[in-house]
Amino acid sequence: MGSYIIAIDFGTAFTSYGIDIETNQERTEIYWKCWDQEVGRETRDTPTCILFDEQQQFVSFGYEAIETSLCQSRDTRLFFFDFSEISLDDKKFTRDLTIKAADGREMKALDVFAEALGFLQDDALKFINSHGKVRLTASDFTWVLTVPDNWDDSAELFIREAASQAGIVTDIDRLVIALRSEAALSWCMKLPGDGFITESREQGRMDRSPGTQYVVVLCEEDISHIAVYEVVEGGELKELQRASYKDLRKKTVERNFMEFMREIFSDGIWDEYERKHPSEVKKILYNLNVLNKRFKDIEISCSLNLIRLAERRQSIEKFFETVEGASWDEGAISISQQKLRSFFAQSMQDITHNLREILNKDFNISGIMLVGKYAHSEILRNHITEEFIDICEVLCPFMPQYAILNGAAEIGKYGGRISRLRSAFTYGIGVSERFDELKHREDRTFTNKDGKWCGGLFIKLGRVGEQVSRNKTIEFTFYPVEADQIIMNFYFYRTKKKFPKYVTEDGVEEVGCLFLTSPKTGCGRSRETKLRIEFGNMEMKASAKDLLSKSESSTVFDLNEML
């Protein structure tokens, strides 16, 4: 059997998925799900919206969830969640975390995520089985799920729990969690020299030499994320700064455009049109996003329903007489370059400000990589190029809105390119040592027949903010604290503190444990136990071996217990 990958870019505003199948003949077939075909459009993404009934049972997802929620009667109280309107930044993801529906009522976030992922799993399998020649199940695939860079470190564990609850995977090695910026840059790293759009004076080239540093700007309609990476040996990436972000919710192009339409069709006409014909408004916004790729005057078709509503008040031409930047042109609304640029102005200013903050730091930035849905706009690319071309290269891959999804599929096939991540916590083990009154606290002591000990000392594995290699391995040698001890207990902890001394300090929490039997006690306390810690793909694996009895034990911890 070949390699089967399902990559899901579970974004805050839009979600998309693709299926990559590599056959035994080393031929790869890629299937991208297209949404919203029923209204004459095909897009690779769908709004991250989900609808539940009054009993909190799943109803629908994406465009269908929006349509159903808009058509519900006043007596029906459905739970509608639009992830573009839900702020999960700086939240600790736990099993008890709740999120608010559109009407203010709450549901457990874990249930909402699990149902969304469950729908995407079922839809992906239905989609591929309708196109492929072999019937496949969820267990046949490696699943790659992306998460926003700025989510709390607990988000990965939360997503794993949601995926498990949805039934996507039972084998932890078949589920990969990737940062969105990592996925996007991984895709860009494999592109040929002519795989980039360039607005600069010369053809853009991506330098993959070790030491080259890139700022990745992930541009979405609602949020802009900016992360910094460095190329290291072998073409892998070292994370220098986890993505900072700017919330653009009140300043997006679509929102500014809608306000302009409300200004043209005043006295409640546009509001009435939005209320009565939401699918037509959605189509107008889709056309806007297609047309604003090029910096020129654009024309947007005006629907017959909008014309009828407007002409109940006055001739439609009169609505444009006092408006600057727009005119009526035989059934279409013509918008000038200058007015179109004004829709982008505030968000471009915010992105520029964030980039300057990064460039003023102690980095040696060689290039700015623009990716994401917003990056397809020539207006944005021109602006960023004009602002920074004298400082560094500005690059953007063709189809930048799909860089994350394409990169996620690559990570599923070949593994992530990031070799080193900045640790979000200080990780450590709790150990006991012979008591030393010059080093240890008296209240941490205990005594057994083999002497006086200090317990609960924090032995550091990695410090918060440090670079941690994905394939980093640490080994320790331990001895029992009692001659007849037959079980060795290893407890693992994390904290935001840089230099904790004891595991009982405030802010130190247990994240897992490992037990090893040591049945041959004849050698007393001289028995050696080797403990090996491996930093994998955003998880720690621990294995222990008693050298005398050859007893072994290993674990990747029950990560869900950290939620």
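Within segment 470-515, if we keep just the residues that are closer than 17 Å to Ala424 by Cβ and part of a strand (DSSP E or B), the residue that is most open to solvent (accessible area, probe 1.4 Å) turns out to be Glu510.
Table: residues versus (1) in a helix (DSSP H, G or I); (2) in contact with a Leu (Cβ under 7 Å, 6 or more places away or on another chain); (3) modelled with pLDDT of 90 or more.
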| site | (1), (2), (3) |
| --- | --- |
| Ser60 | no, yes, yes |
| Thr68 | yes, yes, no |
| Thr76 | no, no, no |
| Ser84 | yes, no, no |
| Asp89 | no, no, no |
| Thr94 | no, yes, no |
| Ala102 | no, no, no |
| Met107 | no, no, yes |
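Taking the criterion of being part of a helix (DSSP H, G or I) and either more than 22 Å from Ile30 (Cβ to Cβ) or among the basic types (Lys, Arg) (or both), the residues of segment 124-162 that qualify are Lys126, Ser154, Ala155, Glu156, Leu157, Phe158, Ile159, Arg160, Glu161, Ala162.
On inspection, Arg525 passes the criterion of being under 17 Å from Lys545 (Cα atoms), open to solvent by 30 Å² or more (accessible area, probe 1.4 Å) and not hydroxyl-bearing (Ser, Thr, Tyr). When Gly211, Gly195 are screened for being small (Gly, Ala, Ser) and modelled with pLDDT of 90 or more, only Gly211 passes. The set of residues from segment 258-277 being crowded, with 16+ Cβ neighbours inside 10 Å and part of a loop (DSSP other than H, G, I, E, B) comprises Phe265, His277. One residue alone among Arg160, Arg174 is touching a residue at least 24 places away in the same chain (Cβ under 8 Å) and buried (at least 20 other Cβ atoms within 10 Å of the Cβ), and that residue is Arg160.
There is no residue in segment 374-389 that is in contact with a strand residue (DSSP E or B) (Cβ under 8 Å, 6 or more places away or on another chain) and either surrounded by fewer than 15 Cβ atoms within 10 Å (Cβ to Cβ) or free of Cβ contacts under 8 Å to residues at least 24 places away in the same chain (or both). Cβ-Cβ distances below 7 Å connect the following pairs, each with a first residue in segment 194-209 that is under 15 Å from Phe398 (Cβ atoms) and open to solvent by 30 Å² or more (accessible area, probe 1.4 Å), a second residue that is modelled with pLDDT of 80 or more and assigned to a loop (DSSP other than H, G, I, E, B), and a separation of six or more residues or different chains: Ile197/Phe398.
The values are calculated or read from the model by the stated rules, or taken from the named source; none is laboratory data. None of these values were measured; they are calculated from a predicted model. Neighbour counts run over all protein chains shown; Cβ positions are idealised from the backbone, glycine included. Protein only, heavy atoms only, side chains kept; ligands, DNA and RNA dropped before computing areas. Shrake-Rupley method; radii C 1.70, N 1.55, O 1.52, S 1.80 Å.
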